[in-house]
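Below: the structure, in structure tokens.
The values are calculated or read from the model by the stated rules, or taken from the named source; none is laboratory data. As the structure is a computational prediction, the values presented were derived from the model and not from experiment. No Cβ is skipped: glycine too gets one built from the backbone with ideal geometry, and neighbour counts run over all protein chains shown. Side chains included, ligands, DNA and RNA excluded: accessible areas come from the protein's heavy atoms. Shrake-Rupley method; radii C 1.70, N 1.55, O 1.52, S 1.80 Å.
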Amino acid sequence: MIRKQIIPLLLLAVTPASAQQTITLQISNPSKIVRTDAPVAISLSEYGDIKSALVTIDGNEIPCQLDDFDKDGVFDELAFVADLDKKQKKRVDITLYKNGTPRTYQPRTFAEIVIRNPKVTEKNKHDIYLSSITVDKETANSYNVLHHHGVAFESELIALRIYFDQRQTLDLYGKFHKGLELKDTQFYTSKEQKQQGYGDDVLWVGNTFGLGALRGWNGTEPTMLSDVQHRTQRILAKGPVRTIIEVEDNGWTVSPSLQPINMIIRYTLYAGHRDFNVDVRFNRNVPEYQFATGIINVKESEEFTDKDGLRGCWGTDWPSTDTLNWKRETVGLGIYIPTLHRVSEQPANKDNYGYVVKATDNQLHYNLVYTSANEEFGYHQAKDWFNFLKEWKKELLSPIDVRIVN
């Protein structure tokens, strides 16, 4: 499961001016749980303008990804995923080049922001793509600005979108088979595509948390992000190894009694994963602020909680008000809130299984995961899903170890 290791690599004896630099890591699995596609990310801040990279394990090249977060033309991180057996250690050799271009690999993640093209009539054929979009407070209905109502992103296992409005809800797409689909369906799967085995929207979210939307908290209930000066969605990365999405709210008045704040929520989804990180940062320390998140109480769902930050549900409901053209969908949802950020677990109500959360200094972190019962590769009973959630938490609390061995 996702537990990104960002290694600064400050101890290496290398010559910054050299055209090629070699780094050797040891990655190890401390647990008795087999790790598939365990993510690793290393900082490149000490290495100047890196243009390309080669990563090998046991002499075999594996896909890697170079990401430029601030869009200054210099790559900030290198990321890859690796498989590790129980208690296994592996050597990773990384070669950084100051010339060339990034290597090309088969994509395992994808993201898109799409504007409607008025000349296109088919809902999955729109072709105006953006990497970022910002709207002002005066925009009355930002939900309808974008084609599928917000940025959408996926791995081979899952796909989802984030509503571009005051809810910022995460809405879910369920797959039957592993693979990337959003480029083809754009979250609006045609009848022909459904017959070919493509997935579709599997959750009705309304004004609920959906899967882990972050909201304000007024002391008794969650509050929307209604009073925001500028609202932004951007794609930071959509490479072969991971996709990274940011949602930014500038000038958010959480409460009339509190000063407005700026907030950036970063979602990181790795190849081969159905779970992803949520990392929130504010423009200043916010010790007096409280927030809310959680998961939707799917109609007649069965709840699971360990009363220590892990909570999930399993339920079945219509994903749309159109019950003639849609079928009832069964989903399993999960959220983990670390102790550091957890204020309280709220009693379930008709809408949500919620938490009150807080930042530490100016940061907040939690993890989300889901499954659709349509998956041929996934989970089909509440018991199995809840057992998975328990193992998922163990993995989150026991990340792989990454060490420099040069």
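Structure data summary
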read-out	value
Boolean, residue 85 is within 30 Å of residue 187 (Cα to Cα) and open to solvent by 20 Å² or more (accessible area, probe 1.4 Å)	no
Some residue of segment 134-142 being surrounded by 22 or more Cβ atoms within 10 Å (Cβ to Cβ) and in contact (Cβ under 8 Å) with a residue 12 or more places away in the chain	no
Some residue of segment 222-229 being open to solvent by 50 Å² or more (accessible area, probe 1.4 Å), assigned to a strand (DSSP E or B), at negative phi and modelled with pLDDT of 95 or more	yes
Filter result for the condition that a residue is out of contact with any Ser or Thr (no Cβ under 7 Å at 6 or more places or on another chain) and within 22 Å of residue 222 (Cβ to Cβ), over 343, 402, 331, 357	343
Some residue of segment 329-338 being aromatic (Phe, Trp, Tyr), under 20 Å from residue 303 (Cβ atoms) and surrounded by fewer than 21 Cβ atoms within 10 Å (Cβ to Cβ)	no
Residue 164, sole failed condition from (1) touching a helix residue (DSSP H, G or I) at 6+ places or on another chain (Cβ under 6 Å); (2) farther than 14 Å from residue 210 by Cβ; (3) assigned to a loop (DSSP other than H, G, I, E, B)	(2)
Residue check for residue 15: at pLDDT below 95, assigned to a loop (DSSP other than H, G, I, E, B) and of a type in the set (Val, Ile, Thr)	yes
Residue match in segment 303-312 (condition: over 21 Å from residue 393 (Cα atoms), of a type outside the set (D, E, K, R) and either open to solvent by 10 Å² or more (accessible area, probe 1.4 Å) or in a strand (DSSP E or B) (or both))	no
Among the residues listed as 296, 404, the single one being out of contact with any His (no Cβ under 8 Å at 6 or more places or on another chain) and surrounded by 17 or more Cβ atoms within 10 Å (Cβ to Cβ)	296
Set 176, 164: member being aromatic (Phe, Trp, Tyr) and surrounded by 21 or more Cβ atoms within 10 Å (Cβ to Cβ)	164
Residue match in segment 106-123 (condition: closer than 25 Å to residue 192 by Cβ, open to solvent by 80 Å² or more (accessible area, probe 1.4 Å) and at pLDDT 95 or above)	no
Enumeration of residues in segment 379-395 that are in contact with a Gly (Cβ under 9 Å, 6 or more places away or on another chain), of a type in the set (D, E, K, R) and in contact (Cβ under 8 Å) with a residue 12 or more places away in the chain	393
Selection count, segment 346-378, where residues are part of a strand (DSSP E or B) and either open to solvent by less than 50 Å² (accessible area, probe 1.4 Å) or free of Cβ contacts under 8 Å to residues at least 24 places away in the same chain (or both)	16
